[in-house]
Amino acid sequence: MSYTNRLLRGTNPSFTSGTNGLNPLIPLDVSREIIKSATQKSAALTMFKKRPMSTAQQRMPVLSTKPTAYFVNGDTGMKQTTNVSWENKFLDAEEIAVIVPIPEKLLDDIDYDIWGEIKPEIEEAIGVALDLAIFFGINKPSSWPTAIAAAAIAAGNTVTHGTSAVDVAEDLNQVMAAVEGDGFDVNGFWMRNSMKSVFRGLRSTTKEFIFLPNEAGLTDTVFKGSLYGEKAVASMSGVFETADTDATYGVEAQGANGVELIAGDWSQGIIGVRQDITYKLLDQAVLQNASGDIVYNLPQQDMVAMRVVCRFAFQVPNPLNRINTNSSTRYPFAVLRAAA
């Protein structure tokens, strides 16, 4: 049995073959499964709209000037004209890739489906890369817009935890008010996993729950993933914690003022999918790091490597509305930050 077959032993017998005899026999349903699973692991893929892309760049006209209507003066009054204008925003597809090297000895010795072991790690890696770039700008492609946390803070849509004289529920109310003041409605929250216990622990002065435990007919709950009746997703991938300490994340002081929660109108974010997951098995390659140093010499070290590639785009149209016409202060997201 060849190592390509051993790599996928125990998987779906329907395969697509490579073009040169060295590519793996990849199950036909793997791409669909990974995108589906990554959606469950990534806040961006879970919360934002997704749009297929037929080209590497798509143009989106966004309304920048609204029309004005006028009353007509009398029976023969002149009807007035108005201007309507648009500005262009673009979805630019950028590549996410990962290479997974595997010793051939491992493939010889295993008696289980190694693809089943690797696939969840790839799903998580794709989701983490997207979330870090979209929300915090970490390793963000230059063609993508400003990261959501940075853009929200620049627009003034930020509340510090503990600012309210009441409790964190009022802090959250003010976060929502910042979005609403810019002409958008909050329809979801993404937060640190530790914030679940903060909301669960809220009690009134007579010890009743502020956010009620999940019961029939009750929607204000973090037990089943909602706050104020809107979807609430807690991060289990360490993205918030990475942003706390990553030196490339320039908006926050490291470990201080870290973002605890992002609220917003999630319909205003668009994920473009230009290329679904593709795979190639390498067995005669030399793998190098960013400095050009050889990390693995596959034929010399009796190894194979699975290369996984996909292409995504991201954009926040942030269209003009009649509540806030100033694009520098208008943004459909707001953040709750930790006290310094």
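The values are calculated or read from the model by the stated rules, or taken from the named source; none is laboratory data. Since the model is a prediction, treat every value here as computed from it, not as a measurement. Heads up, the Cβs are rebuilt from the backbone with ideal geometry, glycines too, and the neighbour counts pull from every protein chain shown.
Miscellaneous remarks
- Of the strands (runs of 3 or more DSSP E) that lie entirely inside the range 1-96, those containing 2 or more residues that are surrounded by fewer than 14 Cβ atoms within 10 Å (Cβ to Cβ) and either modelled with pLDDT of 80 or more or among the acidic types (Asp, Glu) (or both) span 49-52, 57-65.
- Unmet requirement for Asp113, which otherwise passes all of (1) within 22 Å of Asp244 (Cβ to Cβ); (2) exposed (fewer than 15 other Cβ atoms within 10 Å of the Cβ): (1)
- Matching residues, the range 146-166, being of a type outside the set (Ser, Thr, Tyr) and surrounded by fewer than 16 Cβ atoms within 10 Å (Cβ to Cβ): Ala154, Gly156, Gly162, Ala165, Val166
- In the range 281-322, the residues that are within 27 Å of the chain's Cα centre (by Cα) and part of a loop (DSSP other than H, G, I, E, B): Asn289, Ala290, Val316, Pro317, Asn318, Pro319, Leu320, Asn321
- Count - residues of the range 263-294 that are in contact (Cβ under 8 Å) with a residue 60 or more places away in the chain, loosely packed, with under 15 Cβ neighbours inside 10 Å and more than 30 Å from Ala234 (Cβ to Cβ): 2
- Applying the set (1) farther than 16 Å from Ala147 by Cα; (2) aliphatic (A, V, I, L, M); (3) surrounded by 14 or more Cβ atoms within 10 Å (Cβ to Cβ) to Ile323 leaves exactly one unmet item: (3).
Each row is one residue, and each column tells you yes or no for (1) under 19 Å from Ala44 (Cβ atoms); (2) at pLDDT 90 or above.
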site	(1), (2)
Glu180	no, yes
Glu215	no, no
Val233	yes, no
Ala247	no, no
Ala256	no, no
Val259	yes, yes
Ile270	yes, yes
Tyr279	no, no
Asn289	no, no
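- Those residues of the range 127-151 which are among the hydrophobic types (A, V, I, L, M, F, W, C) and either touching a strand residue (DSSP E or B) at 6+ places or on another chain (Cβ under 6 Å) or outside any helix (DSSP H, G or I) (or both), in sequence order: Ala129, Ile134, Ile138, Trp144, Ala147, Ile148, Ala149
- Residues satisfying the stated conditions in the range 164-193, i.e. part of a loop (DSSP other than H, G, I, E, B), more than 17 Å from Asn321 (Cβ to Cβ) and touching a residue at least 24 places away in the same chain (Cβ under 8 Å): Asp167, Asn193
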